[in-house]
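What follows is a set of notes on a single structure, which appears directly below.
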Amino acid sequence: MADNPLLTEVDHALVPGLTDPWLSIFFDAANSAAARFAPCVTETGADSGLRAEAKLIVLRAIERVRGTPEYARSQTAGPFSITYITGGRGILDKDDRAALQDLCERTGAGSARGSFPEPDNYDPLFARPGRRGWW
């Protein structure tokens with residue numbers, strides 16, 4: 001986890017209508033994403049302006065996910081029920097991830113992102129040129 005989480009308990013009031021445990025789940029996911037895509041805003045002593053921009057991006061993403069009618073589904077069978085999130089890829093979309101990465105890149109504080117592509121780009125890694133079927 002980050003040295004200096006982006007969203008803390010002080011920020012709970014910024015997401016009205018969302019209570020625990022969902023509030024904690026969304027905040028943990030947002031802090032994890034911010035640490036991955038914009039490590040410069042989660043370091044101790046980070047610029048307060050960059051942190052404010054990152055916080056706005058992440059809170060906007062949380063509101064967008066909450067505003068989606070299908071972000072959570074429930075199923076009930078007899079006395080049993082389950083609720084699960086249907087979004088699939090987390091809180092941030094491609095634009096949010098790019099905006100967070102841009103925060104560190106434009107200040108020169110960006111770190112290496114590694115050699116692996118984003119999860120939605122894995123298909124070309126497993127493609128077999130010249131093969132048309134399983135035979």
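The values are calculated or read from the model by the stated rules, or taken from the named source; none is laboratory data. What you see is a predicted model, and the numbers here were worked out from it, not measured in a lab. As a convention, Cβ positions derive from the backbone with ideal geometry for all residues, glycine included, and neighbour counts pool all protein chains shown. The accessibility values were calculated without ligands, DNA or RNA, using every heavy atom of the protein model including side chains. Shrake-Rupley method; radii C 1.70, N 1.55, O 1.52, S 1.80 Å.
Miscellaneous remarks
One line per residue, one yes/no per condition, for (1) in a loop (DSSP other than H, G, I, E, B); (2) touching a residue at least 24 places away in the same chain (Cβ under 8 Å); (3) open to solvent by less than 30 Å² (accessible area, probe 1.4 Å):
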{"position": "L7", "(1), (2), (3)": "yes, yes, yes"}
{"position": "V10", "(1), (2), (3)": "no, no, no"}
{"position": "D28", "(1), (2), (3)": "no, no, no"}
{"position": "N31", "(1), (2), (3)": "no, yes, yes"}
{"position": "T44", "(1), (2), (3)": "yes, yes, no"}
{"position": "R51", "(1), (2), (3)": "no, yes, no"}
{"position": "V58", "(1), (2), (3)": "no, yes, yes"}
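- Flag for R97 being within 23 Å of T8 (Cα to Cα), of a type outside the set (A, V, I, L, M) and at pLDDT below 80: no
- Residue in the stretch 45-61 that is modelled with pLDDT under 85, closer than 19 Å to T8 by Cβ and either among the aromatic types (F, W, Y) or out of contact with any helix residue (DSSP H, G or I) (no Cβ under 9 Å at 6 or more places or on another chain) (or both) present: yes
- If only residues of the stretch 1-20 that are modelled with pLDDT of 80 or more and among the acidic types (D, E) are counted, the one that is farthest from A35 (Cα to Cα) is D20.
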